[in-house]
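Colleague: The following block contains the structure, expressed as structure tokens.
Derivation of every value follows stated rules applied to the coordinates shown; laboratory data play no part. Quantities reported herein were computed from a predicted structural model and do not represent experimental measurements. Ideal geometry is used to build each Cβ from the backbone, glycine not excepted, and the neighbour counts take in all protein chains shown.
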């Protein structure tokens, strides 16, 4: 696997873990949208754990 493929799996796992979305829905997201979802989930997670 290349770095990009490893990163894609990492992003997909993150979204699936927190939002319980199916893999095909996550992979259908455009990269900038997926990155934004990850940022927002991270912000929510941080706020909840403060």
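Colleague: Estimate the FRET efficiency between residue 5 and residue 33 by the formula 1/(1 + (r/R0)^6), using the beta-carbon distance for r and 25 Å for R0, to the nearest 0.05.
Modeller: After rounding, the FRET efficiency stands at 0.85.
Colleague: Report, in deg cm²/dmol and to the nearest 500, the calculated mean residue ellipticity at 222 nm for the chain, where each DSSP H run with n ≥ 4 adds -39500 (n - 2.57) and the sum is divided by the residue count.
Modeller: Mean residue ellipticity at 222 nm (helix-derived): -26500 deg cm²/dmol.
Colleague: Based on the Cα atoms of region 1-41, what semi-axes does the equivalent ellipsoid have, where each is the square root of 5 times one gyration tensor eigenvalue, given in whole Å with the largest first?
Modeller: So the three semi-axes of region 1-41 are 15, 11, 10 Å.
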